[in-house]
Amino acid sequence: MKSTLTDKAVRKIKKKASQTVKLIEKPINDKEEFKHITFYNSYVIGIHNYYRYATHVRKVFDKIAFQISRKLYARTKRKLKRHGKPLCGYIKEYYGKSREIRYINGNPIIPLGYVQHKNPMDKKRVINNYTAEGRAEIHKMLETVNITVLHYMMRNPILNRSIEYNDNRLSLYCASHGKCSITGKILEIGNIHCHHKIPYSISHDDSYSNLILICQEAHILIHAVNSEVIQRYKNLLNLNTQQISKINKFRKLLNLADI
């Protein structure tokens, strides 16, 4: 079987990538610049992971990358460097061998053309965009996820956090169907916390397996040491035995006593 991207998908990728490059060109300040670079990298990672199942994906992305790279260079050539901060986490693992990676103020820019085909293992055959049945299956998977909140999270990554952290934050939101992994309550904008099971200060680990998406109240309860605070949030959340057990499991990893 041979597969590739549709013309419509190619046009959409070019348009979105070009819009993001324009934002990187003239940011208001360094904070905004980092935000736009993070969004661009997250977008590139997302489309790479989505389209890598097409057998001719590399050929198509080579052509797209040629045009976008020229725009990126033209708009940011004074800031674009070959060296920057040491790569880490997801970018180092999947893009560290690329000679096309560039930096702006030390922050890496993921090369759009650096993508490899991957066999779609353990994927339902019915899932695809080209049949009514396949699209229905995709919609079924997304129907419990609040797309508005998901888009907000994409456009507002956590600053000073790695690409891997922000990417896994989105994955966790989808996997948990937009609910707190401890209480089961719907997570809303402003009340979405991504907790490191083993503290980042110790592990420096932003991997999917070391993160969990929870509400603010549950997050406070995991870290709380004051007995009054613990009791107040226990009453506020009205936790059952199973939920308290989950809280204690994460507190144990922080060397804190059970509640």
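Computed from the coordinates by the stated procedures, all read-outs in this text should not be read as laboratory data. These figures come from a predicted structure and were not determined experimentally. Reconstructed Cβ throughout: ideal geometry from the backbone, glycine too, with neighbour counts over all protein chains shown.
Students often get this wrong: which residues of segment 83-111 have the backbone nitrogen under 19 Å from the point 7 angstrom along Cα-to-C-beta of His204?
84-97, 106-108
So if I average 1/r over every pair of distinct C-alpha atoms in segment 7-114 and take the inverse, what Kirkwood radius in Å does that give?
With all distinct Cα pairs of segment 7-114 included, I get 14.1 Å.
With each label point set 7 Å from Cα along the Cα-Cβ vector, what nm distance links Met1 and Glu25?
Reported label-point gap for Met1 and Glu25 is 4.1 nm.
Please state the relative contact order of the chain as a whole percent: Cα pairs under 8 Å, 6+ residues apart?
In percent, rounded to a whole number, it is 15.
Would you mind ranking Glu133, Glu33 so that the residue whose beta carbon has the fewest other beta carbons within 10 Å leads the list? Don't skip to the answer; put the middle values down first.
Values: Glu133 10, Glu33 20.
Going from least to most buried by this count: Glu133, Glu33.
Going 7 Å from the Cα of Ile244 in the Cα-to-Cβ direction, what parts of segment 178-218 have a backbone nitrogen less than 20 Å from that spot?
Inside the label zone: 181-185, 215, 217-218.
Between His117 and residues 5 or more places away or on another chain, which pairs have amide H atoms under 5 Å apart, with H built 1.01 Å from N, and which residues are they?
For His117, the qualifying residues are Arg58.
Using a Förster radius of 41 Å, what is the FRET efficiency between Lys8 and Leu159 based on their Cβ-Cβ separation? Nearest 0.05, please.
E(calc), rounded to 0.05, equals 0.80.
For segment 35-46, in order, what is each residue's ³J(HN,Hα) by Karplus, 6.51 cos²θ - 1.76 cosθ + 1.60 with θ = phi - 60°, in whole Hz (x at glycine and Pro)?
Along segment 35-46, the couplings run 4, 5, 5, 4, 5, 4, 4, 5, 5, 4, 4, x Hz.
So who's got an amide H within less than 5 Å of the one on Leu211, skipping anything under 5 residues away but keeping other chains? H placed 1.01 Å off N, in plane.
Answer set, sorted by chain and number: Lys197.
DSSP loop trypsin sites (Lys or Arg not before Pro) in segment 67-104 with at most 16 other Cβ atoms within 10 Å of their Cβ, which ones?
Qualifying residues, ordered by number: Lys77, Arg78, Lys79, Arg82, Lys97, Arg99.
What percent do you get for the relative contact order of segment 141-253 when only Cα pairs under 8 Å and 6+ apart count?
About 24 percent, as a whole number.
Karplus couplings for segment 160-175 from phi (6.51 cos²θ - 1.76 cosθ + 1.60, θ = phi - 60°), rounded to Hz, Gly and Pro as x?
Result, ordered by residue: 6, 10, 6, 4, 4, 4, 5, 5, 5, 4, 5, 4, 5, 4, 5, 5 Hz.
Going by average Cβ neighbours within 10 Å, how do the peptides 151-157, 210-216 rank, with the highest at the top? Walk me through the numbers on the way to the answer.
Numbers: 151-157: 15.0, 210-216: 21.1.
Final packing ranking: 210-216, 151-157.
Are there cysteines in the chain with no other Cys C-beta under 4.7 Å, and if so, which?
Lone cysteines by the Cβ rule: Cys88, Cys174, Cys194.
How long is segment 141-253 along each principal axis, judged by its Cα atoms, biggest number first, in Å?
That gives 38, 34, 21 Å along the principal axes, largest extent first.
Measuring from centroid to centroid over Cα atoms, what is the spacing of segment 16-48 and segment 149-212 in Å?
20 Å
Given the -39500 (n - 2.57) contribution per DSSP H run of 4+ residues, what per-residue ellipticity at 222 nm results for the chain, rounded to the nearest 500 deg cm²/dmol?
Counting only the DSSP helices, I get -16500 deg cm²/dmol.
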